[in-house]
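Colleague: Input: one structure, supplied below.
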């Protein structure tokens, strides 16, 4: 009985032309390595993140005034927008910033347009300040356009207060550079005051803890005295 052998033509051709197959494999490998090396890469690739940043300068006003006059009215209007995931805000002396994050199914252009519409609504209210140097500015956050961040660590045989003075001096110098938008100080411990009370005197004078807390809050006020322009830099007083 004659045996019949089946063959796979591609395998047969490859075995008969081993040199050609090796050359093809080498060319494919070299081409792949070249494509990998020459492939453009970015540390922050272009990502259309549905996130809008709103900044409002208002020099000469305390952080509390900024919170009540600018930040809260804007947040109130932004909460009416559909598709918002999170709202974060910062109010400091002379400046308000709000970061509005949307769900990823929201178109970034529509998100920016909605935020601008709500800014107009807030500015149309009678409570809105009329002496702002400029209108609130809204912009889309583009990760690919973010600049590199440098961390500068300050340490030494100094007290925390002295290190904070060095950090503030360095912060002022860095922010004077035209390429720098802002420099933040991190890791500084906030000062705390411990108030020890005499329970017997509190009882005899019918004073509650709430009354003491309220009295301290009434005396601990930060009031803006305006702003001072020095060497081209405007500072709050």
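Colleague: For a quick check: sort 163, 74 by the number of other beta carbons within 10 angstrom, fewest at the front.
Modeller: Going from sparsest to densest Cβ surroundings: 163, 74.
Colleague: Using Cα pairs under 8 angstrom and six or more residues apart, how large is the relative contact order of the stretch 51-145, in percent?
Modeller: Normalised by residue count, the contact order of the stretch 51-145 is 42 percent.
Bear in mind these aren't lab numbers, they're just calculated from the coordinates by the rules spelled out. In this text the structure is predicted, and so the values were computed from the model without any measurement. Cβ coordinates were reconstructed from backbone atoms using ideal geometry, including for glycine residues, and neighbour counts include every protein chain displayed.
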